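Colleague: One structure is given below, represented as structure tokens, and several questions about it will come after.
Computed from the coordinates by the stated procedures, all read-outs in this text should not be read as laboratory data. All values derive from a computational prediction rather than experimental measurement. All Cβ positions, glycine included, derive from the backbone under ideal geometry; neighbour counts span all protein chains shown.
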Amino acid sequence: MIVTTSDKPSLTASAQAKRLAVELGVSYRPRGRNTLRQIASSLEDCRLLVVTEREVRFYEGQTESPLYFHPSMAFVRVKRLRKGESDPMIELSGCSAGDRVIDCTAGLGSDSLVFSYAAGESGAVTALESEPVLSALVREGLAMYKTGLADVDAALRRIELLNSHHLSYLKGLPDNSVDIVYFDPMFRQPIHESSAIQPLRTLANASALSEEAVAEAARVARKTVLLKEHRDSGEFARLGFERRHVNTSKIAYGVIEVASHN
């Protein structure tokens, strides 16, 4: 993989690309007059991280459809919260202003944004992503993306994105030190019609959630541990979560209420 820029990059974009190349331990290649297809064809693995003036894009092979940070449906959900409407994830987790939330499987950070808005300025959301390229892409996106709404942009900027595996991170936390721990691993039973998630599968960690990680989550959480999965998944039973359906959606949430256990 190499890092490059759009054509005619600004000094800021070039510096950002060089910084990301050093961070990821890969080469930086000036774009010059080359097309992305020409650059990709010269690489053994054909992977590109491209810094533009607005975002960072990941290209796998010579595809024309890059992966980049976008709040997607999370933006719609936050706009509903702004109007005083409810969100199933927020309701089931018990998230409120001032809460500290650990999103253990950040992915593109969509749920982190919803948590960040709900927790407010007095709260804190730490989003963990174990895969370095995805972590860098989303971290840069959280810092650069503009929704046009100042309070939503502020919620994006408040998210702390760390390149860390959730199990090692949770093990380093004291008992009862956060309010909510959230897991949204790659579904064991994919929802194939979810086109938005398909490019993410190239980069994301596809490992199943471990019982040890759930136990650590229950140890550090003061309120709830929440799991998002396919509604027909056996992971809820395997990991000890109480399944809660969400209307007619194909997803469901599993809840462990730990307040009564501590």
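Colleague: Check residue 161: other-chain or 5+ apart residues with amide H under 5 Å from its amide H, H built from backbone geometry?
Modeller: Placed amide hydrogens put 127 under 5 Å from residue 161.
Colleague: Here's a follow-up. Would you mind pulling out the separation of the Cα centroids of the stretch 125-168 and the stretch 4-34, in Å?
Modeller: Each part reduced to its Cα centre gives a spacing of 21 Å.
Colleague: Suppose the chain between residue 85 and residue 171 were pulled fully straight at 0.36 nm per residue; how much longer would it get relative to their current alpha carbon spacing?
Modeller: 27.4 nm
Colleague: Which order do peptides 124-132, 36-44 fall in by mean Cβ count within 10 Å, highest first?
Modeller: 124-132, 36-44
Colleague: Ranking 139, 82, 33 by Cβ neighbours within 10 Å, fewest first, what do you get?
Modeller: Listing 139, 82, 33 from fewest to most nearby Cβ atoms yields 33, 82, 139.
Colleague: May I ask for the equivalent-ellipsoid semi-axes of the stretch 2-68, computed as the square root of five times each C-alpha gyration tensor eigenvalue and listed largest first in whole Å?
Modeller: 17, 13, 12
Colleague: Now a separate question. Which net charge results when you count Lys and Arg as +1 and Asp and Glu as -1 among the other residues whose beta-carbon is under 10 Å from that of residue 221?
Modeller: Around residue 221, the charge tally is 0.
Colleague: Taking 0.36 nm per residue of separation and subtracting the Cα-Cα distance, what length does fully extending residue 249 through residue 70 add?
Modeller: Residue separation times 0.36 nm, minus the Cα-Cα distance, leaves 62.3 nm.
Colleague: Still on this structure: Return the lysines within reach of residue 228: Cα separation strictly under 28 angstrom, same-chain partners fewer than 8 residues apart disregarded; answer none if there are no such residues.
Modeller: Once the sequence-local lysines are set aside, what remains near residue 228 is 79, 83, 146, 171, 250.
Colleague: So, one more: What net charge is computed for the residues neighbouring residue 212, neighbours being all others with C-beta under 14 Å from the C-beta of residue 212, Lys and Arg scored +1, Asp and Glu -1?
Modeller: Values: positive: 171, 219, 238; negative: 211, 216.
Its environment carries a net charge of +1.
Colleague: Which whole-Hz couplings ³J(HN,Hα) result when phi for each residue of the stretch 228-237 is put into the Karplus expression 6.51 cos²θ - 1.76 cosθ + 1.60, θ = phi - 60°, listed in order with x for Gly and Pro?
Modeller: 9, 8, 4, 4, 9, 5, x, 5, 4, 5
Colleague: So what is the 222 nm mean residue ellipticity for the chain from helices alone, if each DSSP H run of at least 4 adds -39500 (n - 2.57) and you divide by all residues, rounding to the nearest 500 deg cm²/dmol?
Modeller: Taken over the chain, the calculation gives -9500 deg cm²/dmol.
Colleague: Remind me, relative contact order of the chain in percent, using alpha carbon pairs under 8 angstrom and six or more residues apart?
Modeller: It comes to 15 percent, rounded to a whole number.
Colleague: Stretched out fully, how many nm does the piece from residue 34 to residue 22 gain, at 0.36 nm a residue minus the Cα gap?
Modeller: 2.1 nm
Colleague: For the chain, state what percent of all Cα-Cα pairs lands in each successive 10 Å bin, counting from 0 Å until the bin that includes the largest distance.
Modeller: Per 10 Å bin, starting at zero, the Cα-Cα P(r) for the chain comes out as 7, 29, 34, 21, 9, 1, 0 percent.
Colleague: Given points 7 Å out from each Cα along the Cα-Cβ axis, report the residue 208 to residue 96 separation in nanometres with one decimal.
Modeller: It is 3.7 nm.
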